[in-house]
Amino acid sequence: MTAAAVWLSVAAVAASGNPPGRLYRVGLTKAHTLTVTADKPFTVVDVDGKGPVWKDAYRGPLTFVAEGGPEQEPATVFRVQVAAFSTQAAAEEERARLEREFGAPAVVRLVPDRGSWRVRLGEAADREALGPLVDRLRAAGRTGMWIAEEPQVAAGVAIRLVDPSFASQLTTLARLLVVPAAGAPLKLDGKPYRGVFEIRVNDAGQLRAIDWIEMESYLRGVVPSELGPEVWPQLEALKAQAVAARTYAIANAAQFEDEGFDLCATPRCQAYGGVGAEHPLSDRAVADTAGEIAVYDGKPIDALYTATCGGHTEDAREIFPEQAAPYLVGVPCRAEAAALARSRRVVEGAAPAAVTTELGEDVTRDAWLLAVTGILDAKTAHRPAKELQGPVAAQTLRSWTTALAQRAGRPAPAGEPVAPATLGRAALAISRDLGWEARAQILVSSPDEEALLRDPRTASLPDEERRALAYLAWQGALRPDAQGRWVLDRAPSGATIAAALVKIGEAYDAFDLDEGSIAAVDARGLTVVRGRGSSSMPLAPEPRLFTLAGARTFAVGALQLWPGDKVRYHRDASGRVDFLELRPPVKGLSDDRSAAVYVWEVRKTAAELSEAVAKRVSVGTLQDLRVVRRGVSGRIVELEVVGSAGSTVVKGFDVRNLLDLRESLTVIEIQRDQGGRIASAVFAGKGWGHGVGLCQVGAYGMALRGADYKEILGHYYPGTSLARAPVEASAAAGSR
């Protein structure tokens, strides 16, 4: 059969195992062996349409083996990557020029996910052997060179089938199709996928599984893999992600045509998790935007997106020059100043009244938490700032521990209450009443006590008091004074005891505090996003409010809030919020600030840094890293790498790869030893990804502020509009 006829045969089989629509090919796992299972019998057929291979159907696990292929990762060869071009013709012209000038073999390689043609010179079994060639290139004025690694090509590999009884059949074929029964997705190495599998031998002699799947079904496994609905539960953000993913898939179809598929299933292209990733909220986002794509001048855009941009995206021409486009330009990942001012809300609460311990520690937050949750008695709860300043009676402490035990689901305190006449007696009373005496007895040995308390005077305490004090100190419930000495000769204040009770209560999640992100604040109350949805709650009269400065919590009479701020709160019996605190970390007002890696810091030793750099460039002993130029977002777009054997300038996305960092939006701080040599480097940065196009967490932040998916897409892809995807039998139609 001709190649076109084979393609038509495969497409026909794939269409029979999918709902109507555009077919798409996703490159899944590659390995020496692959195992396919399903909940119903499935068939394996030849790609030329000749029918079932070996057996009519398979009911158990079926293993596909690359007969004659390498069991481990194939051997690699190394070449010097010298230049990149947007067209093959320009790359071939440069290849010929390099061969004439340097007398070494050169090759042209397509890098499909970047859409560029790379020219590589020389060939060696290890990096070091290319050193002399790199020196010659550098002497000729060449910069931005890389050492590229390529797998060697294998030949003569076929597919063997092995059934659960270990019977096997060598097919002599290099391509097979696996067709599921209706309603029973195929599982590849235990992971379920919709569609039809193609199993083929790749150039390296390994097996590659390819999922032939209808486009909208494919997106059901992409959108939640790229923007998890459980973590980022905003429908409009997920709809923006769905449109971006659909557009990217269509614009980049047949990227890996030489390997027989359109896109890979990893973040290198766009993540695809199959059936196991699907979620009702992201399914709705796909359905609500079915067929919609982003276009510029009537054509699908190259819809690049990044996980979190650190507050500002970057121009594509600075990161991926070959993908520069008018709509891929750096934009702030935040609302404009006027919009930020409009979105700010102030919650009014009770006038703050500080509660401090006898050591001067502010425990206002702990005192009011005990008050609103009913742990303190009515008199103390009404005015803890006054009532908690002095010592506490035995019966008062017992009432507090009884209430806390009840909230924690623990047994009520029994026996005669211990009067907290000294710090040691208070520690014993708290531990005994709340069941932590057993912890102290089992988890703290006598030698541990000295190390935990670090104060020789505590040796005079009775053993049971000393052990209780040591355990509470270990847990951070009780603390010494500023000189590290324990105040043993007088009764602790109620404020000190209150802070200890909160620490214990939090260990049992006893205070019924909820957490979420602010969606809206108005005169009626709060709307908070929690999990998959949001809820609106009224405010109690004069709620207790707490803000953050650094890592410290402070009581305030008015709390400023913006959409996206993280808060923790308590509701009274009527469902009103009577306790509200801003939660860390507070990272400014960027729409992507809720990402865990919005800010980060990494330290690399000289050895780690040298190893990372040596994988990419050859400059001898690393001596310095100098920022040559930054882009509009602050990302490093040109970095000079200085070594004992010379220097080179690394540009664009290669900067991130060279340094092996989450992002190139970073400050580099070199630390040197006494001899002036690099000892280590500290990288203080923001974001995760390449920083171009749609910021995924930023889309979530925009949705929290009330933006719909069209506004989100218009912000990150300026100048684009939405259109219906062109009707086409397959995104791979050009391969016929």
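Where helices (runs of 4 or more DSSP H) sit wholly within the range 287-373, none has at least 1 residues that are touching a strand residue (DSSP E or B) at 6+ places or on another chain (Cβ under 7 Å), within 28 Å of residue 702 (Cβ to Cβ) and open to solvent by 50 Å² or more (accessible area, probe 1.4 Å). Only residues that are open to solvent by less than 60 Å² (accessible area, probe 1.4 Å) and among the basic types (Lys, Arg) were counted in the range 404-447, giving 0.
To keep it simple, each residue is scored yes or no on (1) β-branched (Val, Ile, Thr); (2) assigned to a loop (DSSP other than H, G, I, E, B); (3) within 27 Å of residue 529 (Cβ to Cβ).
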| site | (1), (2), (3) |
| --- | --- |
| 237 | no, no, yes |
| 241 | no, no, yes |
| 245 | no, no, yes |
| 249 | no, no, no |
| 253 | no, yes, no |
| 266 | yes, yes, no |
| 270 | no, yes, yes |
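The sole residue among 142, 109, 175, 79 that is out of contact with any Lys or Arg (no Cβ under 6 Å at 6 or more places or on another chain) and of a type in the set (Lys, Arg) is 142.
Within the range 565-578, the residues that satisfy the criterion of being over 18 Å from residue 232 (Cα atoms) and out of contact with any Asp or Glu (no Cβ under 9 Å at 6 or more places or on another chain) are 573, 574, 575, 576, 577. Within the range 536-555, one or more residues are more than 26 Å from the chain's Cα centre (by Cα), over 29 Å from residue 389 (Cα atoms) and among the hydroxyl-bearing types (Ser, Thr, Tyr).
Being touching a Leu at 6+ places or on another chain (Cβ under 9 Å), under 26 Å from residue 486 (Cα atoms) and hydrophobic (A, V, I, L, M, F, W, C) holds for only one residue in 355, 346, and it is 355.
One residue stands out among those in the range 208-231 that are of a type in the set (A, V, I, L, M, F, W, C) and either surrounded by fewer than 24 Cβ atoms within 10 Å (Cβ to Cβ) or part of a helix (DSSP H, G or I) (or both): the one that is modelled with the lowest pLDDT, which is 231.
Is it fair to say residue 685 is open to solvent by less than 10 Å² (accessible area, probe 1.4 Å), outside any strand (DSSP E or B) and touching a residue at least 12 places away in the same chain (Cβ under 8 Å)? In short, no. Within the range 450-494, the residues that satisfy the criterion of being under 11 Å from residue 423 (Cα atoms) and of a type in the set (D, E, K, R) are 465, 466, 479, 489, 490. On the given criteria, is residue 637 buried (at least 18 other Cβ atoms within 10 Å of the Cβ), modelled with pLDDT of 95 or more, in a strand (DSSP E or B) and among the β-branched types (Val, Ile, Thr)? So residue 637 passes the test. Every test in (1) closer than 23 Å to residue 726 by Cα; (2) touching a helix residue (DSSP H, G or I) at 6+ places or on another chain (Cβ under 7 Å) is passed by residue 273 save one, and that test is (1).
Looking at residue 129, is it farther than 24 Å from residue 36 by Cβ, in a loop (DSSP other than H, G, I, E, B), without any contact (Cβ under 8 Å) to a residue 60 or more places away in the chain and of a type in the set (A, V, I, L, M, F, W, C)?
No; evaluated as a whole, the condition is false for this residue.
Is it the case that residue 401 is under 23 Å from residue 463 (Cα atoms), open to solvent by less than 20 Å² (accessible area, probe 1.4 Å), touching an Asp or Glu at 6+ places or on another chain (Cβ under 6 Å) and not small (Gly, Ala, Ser)? Yes: the conditions hold for residue 401. Checked against the criterion of being modelled with pLDDT of 95 or more and out of contact with any Gly (no Cβ under 8 Å at 6 or more places or on another chain), the range 582-596 has no qualifying residue. Every listed requirement among (1) assigned to a helix (DSSP H, G or I); (2) open to solvent by 60 Å² or more (accessible area, probe 1.4 Å); (3) closer than 20 Å to residue 494 by Cβ is met by residue 450 save one, (3).
The rows are residues; the columns are (1) open to solvent by 80 Å² or more (accessible area, probe 1.4 Å); (2) outside any loop (DSSP other than H, G, I, E, B); (3) touching a His at 6+ places or on another chain (Cβ under 6 Å).
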site: 136; (1), (2), (3): yes, yes, no
site: 172; (1), (2), (3): yes, no, no
site: 176; (1), (2), (3): no, yes, no
site: 184; (1), (2), (3): no, no, no
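For the range 190-210, check the following and say yes or no: at least one residue is more than 36 Å from the chain's Cα centre (by Cα) and over 30 Å from residue 649 (Cβ atoms).
Checked the range 190-210: no residue is more than 36 Å from the chain's Cα centre (by Cα) and over 30 Å from residue 649 (Cβ atoms).
Every test in (1) surrounded by 15 or more Cβ atoms within 10 Å (Cβ to Cβ); (2) at pLDDT 90 or above; (3) on the phi > 0 side of the Ramachandran plot is passed by residue 103 save one, and that test is (1). Taken together, 716, 700 contain a single residue that is at pLDDT below 95, of a type in the set (Phe, Trp, Tyr), out of contact with any His (no Cβ under 8 Å at 6 or more places or on another chain) and within 17 Å of residue 242 (Cα to Cα), which is 700. Looking only at the range 453-465, how many residues end up being aliphatic (A, V, I, L, M) and either in contact (Cβ under 8 Å) with a residue 40 or more places away in the chain or part of a helix (DSSP H, G or I) (or both)? Counting residues in the range 453-465 that are aliphatic (A, V, I, L, M) and either in contact (Cβ under 8 Å) with a residue 40 or more places away in the chain or part of a helix (DSSP H, G or I) (or both) gives 2. Pairs meeting the criteria (first residue in the range 256-281 and of a type in the set (Val, Ile, Thr), second residue not in a loop (DSSP other than H, G, I, E, B), beta carbons under 9 Å, at least 6 apart or on different chains) are 266/27; 275/187; 275/191; 275/192; 275/193; 275/220; 275/221. Can you name the residue in the range 472-498 that is part of a helix (DSSP H, G or I) and open to solvent by less than 10 Å² (accessible area, probe 1.4 Å) and, of all such residues, is farthest from residue 366 (Cα to Cα)? Among residues in the range 472-498 that are part of a helix (DSSP H, G or I) and open to solvent by less than 10 Å² (accessible area, probe 1.4 Å), the one farthest from residue 366 (Cα to Cα) is 472. Looking only at the range 186-207, which residues are open to solvent by 10 Å² or more (accessible area, probe 1.4 Å), farther than 29 Å from residue 243 by Cβ and assigned to a strand (DSSP E or B)? Listed by number, the residues that qualify are 187, 200, 201. If you go through the range 421-444 one residue at a time, do you hit one that is among the polar types (S, T, N, Q), assigned to a helix (DSSP H, G or I) and in contact with a helix residue (DSSP H, G or I) (Cβ under 9 Å, 6 or more places away or on another chain)? Among the residues of the range 421-444, at least one is among the polar types (S, T, N, Q), assigned to a helix (DSSP H, G or I) and in contact with a helix residue (DSSP H, G or I) (Cβ under 9 Å, 6 or more places away or on another chain), which makes the answer yes.
Has the range 657-675 got any residue that is open to solvent by 40 Å² or more (accessible area, probe 1.4 Å), in contact (Cβ under 8 Å) with a residue 60 or more places away in the chain and assigned to a strand (DSSP E or B)? No: the range 657-675 contains no residue that is open to solvent by 40 Å² or more (accessible area, probe 1.4 Å), in contact (Cβ under 8 Å) with a residue 60 or more places away in the chain and assigned to a strand (DSSP E or B).
Go over the candidates 597, 586, 628, 602 one by one and state the one that is surrounded by fewer than 17 Cβ atoms within 10 Å (Cβ to Cβ) and part of a loop (DSSP other than H, G, I, E, B).
Step by step, each of 597, 586, 628, 602 is checked, and only 586 is surrounded by fewer than 17 Cβ atoms within 10 Å (Cβ to Cβ) and part of a loop (DSSP other than H, G, I, E, B).
The values are calculated or read from the model by the stated rules, or taken from the named source; none is laboratory data. Predicted model, so just to flag it, every value in this text is computed and none were measured. All Cβ positions, even for glycine, are placed from backbone atoms using ideal geometry, and neighbour counts span all protein chains on display. Remember, those area values only see protein heavy atoms, side chains included, never the ligands or the DNA or RNA. Shrake-Rupley method; radii C 1.70, N 1.55, O 1.52, S 1.80 Å.
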